[in-house]
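Okay, structure first, notes after.
The values are calculated or read from the model by the stated rules, or taken from the named source; none is laboratory data. Quick caveat: nothing in here was measured; it's all calculated off a predicted structure. Heads up, the Cβs are rebuilt from the backbone with ideal geometry, glycines too, and the neighbour counts pull from every protein chain shown.
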């Protein structure tokens with residue numbers, strides 16, 4: 001009130017004509033809005049002109065400890081004022097205005113019940129990082145714009161990267177909001193914000209701008225599916241390498257499915273630790289089934305924060321492609337981040353030795369010709385497996401390796417028997433010997449009988465034959481009986497009898 005008396009005395013002193021009988025003040029103008037230029041921090045106050053005919057100007061008040069008169073507008077037809085001395089970048093600024101007439105009578109200051117309320121600027125400021133549902137976000141707090149008679153429609157949030165000055169609207173908030181949570185930020189990058197309130201009639205009021213960079217917590221960056229490989233009969237080993245620098249992981253879940261796009265079932269849950277490897281083994285019908293595995297990391301809110309690529313076992317099949325031809329077919333390892341470097345094809349021979357028979361760059365088939373086994377000591381059971389290796393381009397410098405199941409195929413025995421031989425030591429046809437392929441050497445029997453049914457020769461060695469002797473003497477020319485017996489690769493007993501002719505030249 002003391003401020004108003006001072007203003008009244010000021011206008012009485014400067015007024016050339018004082019009309020003592022004029023003690024009616026002009027009507028109070030209606031304050032429309034106050035707004036901040038976000039970049040200069042100048043505050044603009046806008047009002048409706050007073051409808052009193054005797055209005056000569058307007059008085060501007062700003063709230064300090066009390067309401068302080070800061071300036072006057074000595075034109076009844078001006079309805080804006082710019083406050084260059086305000087500090088809207090430090091706190092909200094509150095304003096009221098009054099009109100005055102030719103005798104210096106001031107109107108009451110603008111007010112909405114209660115009497116001391118006013119229009120205020122919007123002040124925004126950044127908080128420390130906020131944890132919103134386990135997602136780190138930058139909190140931008142602000143005070144609400146108040147006392148638009150038509151009500152607040154909402155707030156628009158403008159943002160830019162510092163120094164770019166390219167502000168864009170990143171969100172729109174409701175009229176009741178007092179903070180914006182920005183989750184789309186990069187660690188240690190400075191962002192700048194300002195807010196624009198809008199009324200239900202389209203009036204606007206902008207805030208100051210504020211800038212800050214936040215250091216986000218380290219998040220898990222990757223989970224690499226190293227391999228799914230056959231470790232033993234019907235046993236699959238699965239390995240994952242995980243990033244241990246993440247601070248937003250509470251546990252992992254391992255899932256599997258028989259189809260990449262199918263339903264995944266939970267296999268196991270692992271608590272988070274600083275170990276970089278997560279290993280798991282599962283029994284599986286490795287000769288008939290392909291399984292896909294993935295590992296997912298979760299935070300304390302049970303939200304997924306990182307998912308691995310897929311790992312899967314390799315299923316090898318082998319079938320006959322014709323006489324003495326084996327066709328190998330397998331599902332390629334297609335889910336490594338580094339791709340496939342090479343595929344090694346191995347064969348397990350009858351004496352259990354393992355032989356590398358092919359090294360392929362990329363394929364899912366291979367044809368193996370086994371005709372070179374004819375007449376050799378081969379059981380007829382042929383087994384294969386493949387080893388696939390990851391390329392060196394894995395982004396995390398991990399090199400996976402996956403081994404398939406062992407797939408076997410059986411060949412039917414092939415037996416060819418001569419019907420005559422001449423043991424005369426001329427180097428040709430001196431020994432009577434069956435030509436046997438794909439017979440088990442473990443229970444092999446070859447016998448020669450004379451016409452009276454006496455065994456005159458016997459061996460269990462598939463490479464031995466009859467030299468025509470009985471004891472130390474050559475047997476007489478004539479007809480003899482042979483008998484051969486062995487087990488096939490299919491575990492069947494093969495038996496054959498026949499006649500042979502011994503000729504002495």
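Of all residues being in contact with a strand residue (DSSP E or B) (Cβ under 6 Å, 6 or more places away or on another chain) and not in a loop (DSSP other than H, G, I, E, B) in region 451-477, which is nearest to residue 410 (Cα to Cα)? Just the residue, please.
Top of the filtered list is 459.
What about residue 463, is it surrounded by fewer than 17 Cβ atoms within 10 Å (Cβ to Cβ), within 23 Å of residue 381 (Cβ to Cβ) and modelled with pLDDT of 85 or more?
Here the answer is no, as residue 463 does not meet what is asked.
Return the pairs, sorted by first residue and then second, in which the second residue is modelled with pLDDT under 80, the first residue lies in region 114-139 and is farther than 13 Å from residue 181 by Cα, the beta carbons are less than 8 Å apart, and the residues are 6+ apart or on different chains.
Going by the 8 Å Cβ cut-off, the qualifying pairs are 117/111; 118/111.
The rows are residues; the columns are (1) surrounded by fewer than 18 Cβ atoms within 10 Å (Cβ to Cβ); (2) at pLDDT below 95; (3) assigned to a strand (DSSP E or B).
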{"residue": "29", "(1), (2), (3)": "no, yes, no"}
{"residue": "34", "(1), (2), (3)": "no, no, yes"}
{"residue": "46", "(1), (2), (3)": "yes, no, yes"}
{"residue": "85", "(1), (2), (3)": "yes, no, no"}
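Being over 30 Å from residue 323 (Cβ atoms) and at pLDDT 90 or above, is that true of even one residue in region 363-379?
Within region 363-379 (the criterion being over 30 Å from residue 323 (Cβ atoms) and at pLDDT 90 or above), the answer is no, since none of the residues qualifies.
Please state which of the following conditions residue 244 fails to meet, knowing it meets all the rest: (1) under 30 Å from residue 173 (Cβ atoms); (2) surrounded by fewer than 15 Cβ atoms within 10 Å (Cβ to Cβ); (3) within 16 Å of the chain's Cα centre (by Cα).
(1)
Within region 183-212, work out how many residues are within 26 Å of residue 33 (Cβ to Cβ) and either in contact (Cβ under 8 Å) with a residue 60 or more places away in the chain or within 36 Å of the chain's Cα centre (by Cα) (or both).
15
Mind listing whichever residues of region 91-103 are under 18 Å from residue 68 (Cα atoms) and touching a strand residue (DSSP E or B) at 6+ places or on another chain (Cβ under 9 Å)?
Answer for region 91-103, where residues must be under 18 Å from residue 68 (Cα atoms) and touching a strand residue (DSSP E or B) at 6+ places or on another chain (Cβ under 9 Å): 92, 93, 94, 95, 96, 97, 98, 99, 100.
Run down 457, 494 and say which single residue is closer than 15 Å to residue 416 by Cα and crowded, with 16+ Cβ neighbours inside 10 Å.
494
Mind listing just one residue for me: the one in region 50-65 that is free of Cβ contacts under 8 Å to residues at least 40 places away in the same chain and either outside the structural domain of residue 86 (by TED's automatic domain parsing) or surrounded by fewer than 16 Cβ atoms within 10 Å (Cβ to Cβ) (or both) and, of those, nearest to residue 92 (Cα to Cα)?
Result: 64.
For region 328-361, how many residues are under 26 Å from the mean Cα position of the chain (by Cα), at negative phi and either part of a loop (DSSP other than H, G, I, E, B) or not assigned by TED's automatic domain parsing to the domain that holds residue 395 (or both)?
Of the residues in that region, 8 qualify.
Being more than 23 Å from residue 40 (Cβ to Cβ) and within 34 Å of the chain's Cα centre (by Cα) is the filter here; which residues of region 154-176 pass it?
The answer is 171, 172, 173, 174.
For (1) loosely packed, with under 15 Cβ neighbours inside 10 Å; (2) more than 19 Å from residue 229 (Cβ to Cβ), each residue gets a yes or a no:
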site	(1), (2)
305	no, yes
311	no, no
321	yes, yes
334	yes, no
338	no, no
356	yes, no
361	yes, yes
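Table: residues versus (1) over 30 Å from residue 229 (Cβ atoms); (2) exposed (fewer than 15 other Cβ atoms within 10 Å of the Cβ).
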residue	(1), (2)
411	no, no
416	yes, yes
422	yes, no
426	yes, yes
433	yes, no
439	yes, no
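Within region 206-284, considering only strands (runs of 3 or more DSSP E) that don't extend past its boundaries, which have at least 1 residues that are closer than 22 Å to residue 337 by Cβ?
223-232, 235-242, 251-257, 265-271, 277-283
Only one of these conditions is not met by residue 81: (1) out of contact with any strand residue (DSSP E or B) (no Cβ under 7 Å at 6 or more places or on another chain); (2) buried (at least 19 other Cβ atoms within 10 Å of the Cβ). Which number is it?
The failed condition is (1).
Quick one: which residue in 307, 317 is under 30 Å from residue 369 (Cβ atoms) and touching a strand residue (DSSP E or B) at 6+ places or on another chain (Cβ under 6 Å)?
Criteria check complete, one pass: 317.
Give region 178-213 a look and list any residue that's farther than 21 Å from residue 89 by Cβ and in contact with a strand residue (DSSP E or B) (Cβ under 7 Å, 6 or more places away or on another chain), or say none.
Matches in region 178-213: 181, 183, 185, 188, 189, 198, 199, 200, 203.
Residues 356, 337, 324: which one is in contact with a strand residue (DSSP E or B) (Cβ under 9 Å, 6 or more places away or on another chain), more than 20 Å from residue 287 (Cβ to Cβ) and at pLDDT below 95?
On inspection, the qualifying residue turns out to be 324.
Could you please find all residues in region 363-383 being crowded, with 20+ Cβ neighbours inside 10 Å, on the phi < 0 side of the Ramachandran plot and assigned to a loop (DSSP other than H, G, I, E, B)?
Matches in region 363-383: 378, 379.
From the list 393, 422, exactly one residue is farther than 25 Å from residue 327 by Cβ and either in contact with a strand residue (DSSP E or B) (Cβ under 6 Å, 6 or more places away or on another chain) or assigned by TED's automatic domain parsing to the domain that holds residue 342 (or both). Which is it?
393
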